[in-house]
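Novice: What follows is a structure written as structure tokens; I'll ask about it next.
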Amino acid sequence: MRSDLLLRMVIVLLLTMQVGCVSLLPRGKVITESPWQEYSAVKESFDQITVGETTADDLKKLGFDVKASPNLKIMNYLDIAATVQAIPIKELDPGLQACLRARADCRAYVFEPRRIYTKRVGNFWLDILSFRRKSHETGWRFKALIVFVNHHVAYKLSSGEPQIDQFQDQINPLGPFQAPADLITRALPF
């Protein structure tokens, strides 16, 4: 009877440790600071940009600040020419053609706001010993290219992922010995 009670206590303790250990798995997030919390909000702001009318000051009011936005990529006309070199000039959008003709009076900005959250899920012991790692990534990404000729928007283009929801399941049959094996195979000359 006493050994039965001890066995039950050990099982309860192991189950409690298993459930409690899941919270010890790593989590992370990647956020590019921006005024938008959701993809739909940034898309709505982008859609308010009017080619031929919107200025840099108007962009700032919409949340696209060309002077203070973090992780902003600034492109000159040569960068744009390299990006579109596979497309014949006559097939380019008139705004891009104007940019290439304007040369020094052309500049472009690439904004990439995003909110991505990563959480490891699954069995704590399999994860910590590197036998099996599961992660769940959620969030959104937005990318906007805004081209200026002189002081007005000449071209705009957007892309992105409105809803990221993906699982990754990595299985390492050798567990903690998998990484050293990978190092050895990478070191081989073939």
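The values are calculated or read from the model by the stated rules, or taken from the named source; none is laboratory data. Nothing here was measured: the structure is a model prediction, and the numbers come from that model. Cβ placement follows ideal geometry from the backbone for every residue including glycine, while neighbour counts extend to all protein chains displayed.
Novice: Can you name the number of the only condition in (1) under 17 Å from LEU157 (Cα atoms); (2) surrounded by fewer than 16 Cβ atoms within 10 Å (Cβ to Cβ); (3) in contact (Cβ under 8 Å) with a residue 12 or more places away in the chain that GLU91 fails?
Specialist: Of everything listed in (1) under 17 Å from LEU157 (Cα atoms); (2) surrounded by fewer than 16 Cβ atoms within 10 Å (Cβ to Cβ); (3) in contact (Cβ under 8 Å) with a residue 12 or more places away in the chain, GLU91 misses just condition (3).
Novice: Which residue out of LEU92, LEU96, LEU157, LEU126 is touching a Leu at 6+ places or on another chain (Cβ under 6 Å) and either aliphatic (A, V, I, L, M) or modelled with pLDDT of 95 or more (or both)?
Specialist: LEU157
Novice: ILE146: touching a helix residue (DSSP H, G or I) at 6+ places or on another chain (Cβ under 9 Å) and not hydroxyl-bearing (Ser, Thr, Tyr), yes or no?
Specialist: Considered against the rule, which asks whether it is touching a helix residue (DSSP H, G or I) at 6+ places or on another chain (Cβ under 9 Å) and not hydroxyl-bearing (Ser, Thr, Tyr), ILE146 comes out as yes.
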